[in-house]
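Trainee: The structure that follows is given in the form of structure tokens.
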Amino acid sequence: MTEQGTVTRVGAALGEQGPRPSLRRDASLPALLAGLVCIAVSFSGPLVVVLAAAAAGRLDQAHTASWIWAVSIGSGLTCLLLSWWTRTPVITAWSTPGAALLVASLGAFPYREAVGAFLVSSVAVAVFGVTGLFGRLIRAIPVGIVNAMLAGILFTFGAGIFAELKAAPVLVLGSFAAFLVAKRLLPRYAVPVALLVGAGLAAATVGLPVHLGDGGPVRPVLTVPAFSWASLVGLALPLTIVALASQNAPGLAIMRASGYRPDDRLLIGATGGLSVLLAPFGSPGVNLAAITAAICTSPESHPDPRRRYVAGMSAGVLYLVVGSFGGMLVSLFTGLPHALIAVIAGVALLAAFQGSLAAAVADEGGRDGAVVTFLATASGMSVLGIGAPFWGLLLGVATHVVLTARRR
């Protein structure tokens, strides 16, 4: 890569020309700490949703650790390499809404078929990214209906916070109160604070039987994928839509809002392609991050937007380190009380639920279809072995088409 080529690439990302980047000069403590905060948020909140999905699929500890290893290594490689290549803070992660979808659907399919669905979904995301079909797909399905499907998936997690009140009132109310206080004073750390306070309350009330295991590196478990129409329609299709509409689209929007001009074909194509390789090890997909991306693209990472790519690289290195010893995380989190997991998963997804619900009903013309989608998805129904997210999407689109055609 020539000096002019590097300058041009960075200039294109920011919309202007600038000096040649130098990692030694650009590295800064705030950017490195931003990467650390990004990892802390990812592994203290969204990871709980992944573990809940693994439990719903009845995965043993080895397969669960392999899953965490796959999504962590995938996130680490893409953060590190894409941030370095584009000289912009590219933050990737597993899809928390996708994991929430798997909580509701994974148990209905054999694990090999679920891996097959992960593989097909990753291929689809890569194709949509590389060919530029991503934008066309997002425009084809009304935004309100996609968000209503996501809100229906997340509804169970929000309600789960209060469903545990009877069993562990002190734990639930204390954790939720800590979340609210931290959300007001230290919004970045709200979920980690809720987790720490909840763990303390759990130890004092219902008990906290956790351990760290042997601490050795993870041994990835290779699973030969299997395919069925039910898993492709019930898992692969909703997972693809959620990945594109609820992860990659907001991820690109956050980068653009920070002044960058991300190459969506490169970023989505690269994350989708690596997800294809990691799917047999349990990864449901690596996508552009949204919440944690805001940490690394903000001025707190560095006042100069051209030097914030270091935060992305910092996050990538930490993903690789933590993911390599993911078995310790599995041992730690699987010992947490069910009530604590429910509360932390719920508060970690509150912002996503709020945003999805607001977007679902924002368009008055498409509100009927969005409401049908939300209700059908939140019902948790299963027909012909296919889960509620697909049927909610199908019924919502049908409702929208019928009512729109009638008005016209």
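The values are calculated or read from the model by the stated rules, or taken from the named source; none is laboratory data. Just so it is clear, the model here is predicted, and its values are computed rather than measured. In this analysis, Cβ positions are derived from the backbone assuming ideal geometry, glycine residues included, and neighbour counts consider all displayed protein chains. For the accessible areas, the whole protein counts, side chains as well, though only heavy atoms, and no ligand, DNA or RNA atoms are used. Shrake-Rupley method; radii C 1.70, N 1.55, O 1.52, S 1.80 Å.
Trainee: Tell me, in nm to one decimal, what length is gained between Lys166 and Leu81 on full extension, where the rule is 0.36 nm per residue of separation less the Cα-Cα distance?
Mentor: Gain on extension, Lys166 to Leu81, equals 25.8 nm.
Trainee: Right, next: May I ask you to give the solvent-accessible area per residue for the stretch 183-319, in square angstrom, as obtained with a 1.4 angstrom probe?
Mentor: Averaged over the residues of the stretch 183-319, the accessible area is 43 Å².
Trainee: So I have [x] 60, 47, 40; [y] 62, 58, 45; [z] 75, 46, 36, and one of them is Cα extents along the principal axes in Å calculated from this model. Which one is it?
Mentor: The value matching this structure is [y].
Trainee: Based on the Cβ-Cβ distance from Arg261 to Leu33, what FRET efficiency comes out when R0 is 35 Å, to the nearest 0.05?
Mentor: 0.85
Trainee: Could you tell me the distance between the Cα centroids of the stretch 93-136 and the stretch 258-325, to the nearest Å?
Mentor: Rounded to whole Å, the Cα centres lie 18 Å apart.
Trainee: Full-extension gain between Ser324 and Ala62, please, as 0.36 nm times their residue separation minus the C-alpha to C-alpha distance.
Mentor: Gain on extension, Ser324 to Ala62, equals 93.0 nm.
Trainee: Could I ask something else about it? Quick one: which residues, 5+ away or cross-chain, put their amide H under 5 Å from the amide H of Val221? H built at 1.01 Å from N.
Mentor: Ser66
Trainee: Let me ask another. Work out which helices of the chain, taken as complete DSSP H runs, extend at least 27 Å along their axis over the Cα atoms and score a mean Kyte-Doolittle of -0.5 or more, then list them.
Mentor: Qualifying helices, which must be both long enough and hydrophobic enough, are 61-86, 111-131, 143-163, 388-407.
Trainee: If you take the square roots of the eigenvalues of the alpha-carbon gyration tensor of the stretch 236-279 and sort them as a ≥ b ≥ c, do you get rounded (a/c under 1.5), prolate (a/b over b/c) or oblate?
Mentor: Since a/c reaches 1.5 but b/c is at least a/b, the shape of the stretch 236-279 is classed as oblate.
Trainee: For the chain, give the percent of accessible area contributed by carbon and sulfur heavy atoms, probe 1.4 Å, rounded to a whole number.
Mentor: On the chain, the fraction of accessible area on carbon and sulfur atoms equals 69 percent.
Trainee: Looking at the chain as a GNM with Cα springs under 10 Å, which of Ala104, Ala31, Ala159 has the largest mean-square fluctuation?
Mentor: Top of the fluctuation ranking is Ala159.
Trainee: So, one more: Need one number: nm distance between label points at Glu364 and Arg24, each 7 Å from Cα along Cα→Cβ, rounded to one decimal.
Mentor: According to this spin-label approximation, the distance is 6.3 nm.
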